[in-house]
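Trainee: This is the structure, below, for whatever I ask next.
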Amino acid sequence: MKLLYYPGCSVKRNAIEYEESTLAVLEKIGVEVKELDKWYCCGVMYSLSSDDLIRHLGAVRTLVKTQVESRSYGSSNLLVLCPMCFNVLKRVDKLLKSDPDKLETISKFMDEEERYQFGVNVLHLLEILVLYRDRIRESVLRKPDGLKIACYYGCTVLRPKDIGVDNPEDPRIMDEIVATTGAEVIHYPFKSECCGAYQSLLNREAVVDKSSSIIREAAVRGANVLLTICPLCHYNLRLALESMKRPPEITIAYLSEYLAYVMGLDNVVSKDVKEFFDRVLSKEKPLEGGGFFG
Amino acid sequence: MVEKTLTQSRGSVVGKKMIRIYFMGRAYEVPEGLTIMKALEYAGFRLVRGVGCRGGFCGACPTAYRLPGEYKLRIGLACQTIAEDGMHLVILPYSPMEKPRYNIEELKPDAGSIIALFPEVTRCVACNTCTKACPQGLDVMDAVQAIIRGDIAKAANTIFDCISCGLCSLRCPAEIRHVHLFQLVRRLYGKYILPKAKHLEIRVKEIEEGKYEEELEKLMKTPIEELKRLYSEREIEKA
């Protein structure tokens, strides 16, 4: 499979470990990825006001650049890692499809670009990985004994329902991907609970409160790893964990870092995450150095 | 700004077709083929602002104009753009903005440092108006977007040829202060990202240690005629 790739500003600035581990894992399972030559800030939040079209320009321009590049690259599938970007790009694509008048207005304004033709398929990383479960299973080098994993989805990859990648009330897609690696997946009710989102800028206490309850619920049910797919959730969850008076023995990592770890791609896993995983695995099998098998 | 010193028409120039241009709403007959700057001088204006090197480098004469029958707002430097018949134009030599104060030693070459000084950068909606306003034809919006994602090297290289004319800053709906923003980006790139020039460091050290003091003193005391002779007979580096 070939994918064009839209990184997004957060991934490039604050979540480079998410990108590095994702690209390493995709290469390992045989997915060809090419970053767009030109891409723009998605706009961060999908503007809900019906006449504020200028807020959609970054996303439309990125879709047009994808359309242009898809012709030479031979794929119009656009991979997105950040759920916020995924949400905005997919909703703008949907808006233009359903409202030709708005596309007309935007196209007239962006007269230096070609017109958007709706051919771009915006895909989140989860939608790719779930298709490659067999390749993931074959690529596992390190048995994740002792890792009890809670998958945390956050909001924007699931909601609104018509652009979400899975059932927003009871998503399973990430659980299925993780289960493929042989890890124990912990079920808990806060998978798609809000982490506090951008309240981290205005009201940190609200974020700590929301994110702490997510962490505690996962820990109470036996999880020692909380996996996320979102730079903002990752930031908020770590903020909450650091703020807890008696934090549970749990680490917060990107799904892609976990996959990279079990595939033995250690150089793309954050140091603290790798150390945590190593520690848990060595407790399980104290006589086997490194925890490799096979 | 411009100061008008002569109002009467100069009449036609032999062998030259005359065209009509509209400068700040008033019509002037000027010979065809002149740059906007020369056409205005022909019309009797003495330019005291909005003029500089006359070679397309200094950024003092950014000009906005529209051609007859078009809604497009076009951009050019008055010293480089040829006046056309029916053109409406204005010279916009200055974009109002204060330069934020900073100490380059205390900054890091990352998005956070820049956005702390220029918070408006994150208001960019990728409308591309800045790019269309650039008389240098630079990808201004791409540079702003590169800053947002922390790619300082890409931003600096994209706007390397910026002449700080300020037209992008006048046109930007996000009110970004590109002139000072881009200067900061170039400084951060030069200080923290580009490799250091070793020979330059050595030479600066030599100067500080007074290696050239004696030679300079000698030159200061040399008569002007002798200096001229020395200059014309100096050794020129071979190509």
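The values are calculated or read from the model by the stated rules, or taken from the named source; none is laboratory data. Because the structure is predicted, anything quoted here is derived from the model rather than measured. All Cβ positions, glycine included, derive from the backbone under ideal geometry; neighbour counts span all protein chains shown.
A quick yes/no check of all residues on (1) within 14 Å of chain A (Cβ to nearest Cβ); (2) outside any loop (DSSP other than H, G, I, E, B); (3) of a type in the set (Ser, Thr, Tyr):
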| residue | (1), (2), (3) |
| --- | --- |
| B:Cys127 | yes, no, no |
| B:Gly137 | yes, no, no |
| B:Val144 | yes, yes, no |
| B:Pro173 | yes, no, no |
| B:Leu181 | no, yes, no |
| B:Val185 | no, yes, no |
| B:Leu200 | no, yes, no |
| B:Val204 | no, yes, no |
| B:Glu225 | no, yes, no |
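Trainee: Scan the range B:134-151 and give yes if some residue there is basic (Lys, Arg), surrounded by 14 or more Cβ atoms within 10 Å (Cβ to Cβ) and within 16 Å of B:Gly166 (Cβ to Cβ), otherwise no.
Mentor: Scanning the range B:134-151, I find no residue that is basic (Lys, Arg), surrounded by 14 or more Cβ atoms within 10 Å (Cβ to Cβ) and within 16 Å of B:Gly166 (Cβ to Cβ), so the answer is no.
Trainee: Condition (residue is on the phi > 0 side of the Ramachandran plot, of a type in the set (A, V, I, L, M) and part of a loop (DSSP other than H, G, I, E, B)) applied to the range A:186-197: is it met by at least one residue?
Mentor: For the range A:186-197, residues on the phi > 0 side of the Ramachandran plot, of a type in the set (A, V, I, L, M) and part of a loop (DSSP other than H, G, I, E, B): present.
Trainee: Take A:Asp93 and decide whether it is free of Cβ contacts under 8 Å to residues at least 24 places away in the same chain and not aromatic (Phe, Trp, Tyr).
Mentor: When the stated conditions are applied, A:Asp93 does not pass them.
Trainee: Another question, if that's okay. Failed condition for B:Glu208, given (1) closer than 30 Å to B:Cys61 by Cβ; (2) surrounded by fewer than 19 Cβ atoms within 10 Å (Cβ to Cβ); (3) of a type in the set (Asp, Glu), with all others met?
Mentor: Failing condition for B:Glu208: (1).
Trainee: Answer yes or no: is there a residue in the range B:113-125 that is crowded, with 18+ Cβ neighbours inside 10 Å, within 14 Å of chain A (Cβ to nearest Cβ) and part of a loop (DSSP other than H, G, I, E, B).
Mentor: Checking the range B:113-125: at least one residue is crowded, with 18+ Cβ neighbours inside 10 Å, within 14 Å of chain A (Cβ to nearest Cβ) and part of a loop (DSSP other than H, G, I, E, B).
Trainee: Condition first: at pLDDT 95 or above, buried (at least 20 other Cβ atoms within 10 Å of the Cβ), out of contact with any helix residue (DSSP H, G or I) (no Cβ under 7 Å at 6 or more places or on another chain) and in a loop (DSSP other than H, G, I, E, B). Can you find one or more residues in the range B:164-171 that meet it?
Mentor: Among the residues of the range B:164-171, at least one is at pLDDT 95 or above, buried (at least 20 other Cβ atoms within 10 Å of the Cβ), out of contact with any helix residue (DSSP H, G or I) (no Cβ under 7 Å at 6 or more places or on another chain) and in a loop (DSSP other than H, G, I, E, B), which makes the answer yes.
Trainee: So how many residues does the range A:146-167 have that are surrounded by fewer than 21 Cβ atoms within 10 Å (Cβ to Cβ), touching a helix residue (DSSP H, G or I) at 6+ places or on another chain (Cβ under 6 Å) and closer than 21 Å to A:Tyr258 by Cβ?
Mentor: So the answer is 1.
Trainee: Here's something else I'd like to know. If you go through the range B:188-196 one residue at a time, do you hit one that is among the aromatic types (Phe, Trp, Tyr), touching a residue at least 24 places away in the same chain (Cβ under 8 Å) and closer than 19 Å to B:Gly59 by Cα?
Mentor: No, the range B:188-196 contains no residue that is among the aromatic types (Phe, Trp, Tyr), touching a residue at least 24 places away in the same chain (Cβ under 8 Å) and closer than 19 Å to B:Gly59 by Cα.
Trainee: Ok, one more. Considering only the range A:24-63, state which residues are away from every other protein chain (no Cβ under 14 Å), free of Cβ contacts under 8 Å to residues at least 12 places away in the same chain and not polar (S, T, N, Q).
Mentor: A:Glu27, A:Leu48, A:Asp51
Trainee: Same structure again: Do you know which of the residues in the range A:97-141 that are farther than 30 Å from A:Tyr18 by Cα, among the aliphatic types (A, V, I, L, M) and in contact with a helix residue (DSSP H, G or I) (Cβ under 6 Å, 6 or more places away or on another chain) is nearest to the other protein chains (Cβ to nearest Cβ)?
Mentor: By that ranking, first place goes to A:Ile106.
Trainee: Take A:Val80 and decide whether it is in contact with a strand residue (DSSP E or B) (Cβ under 6 Å, 6 or more places away or on another chain), away from chain B (no Cβ under 12 Å) and modelled with pLDDT of 95 or more.
Mentor: Yes.
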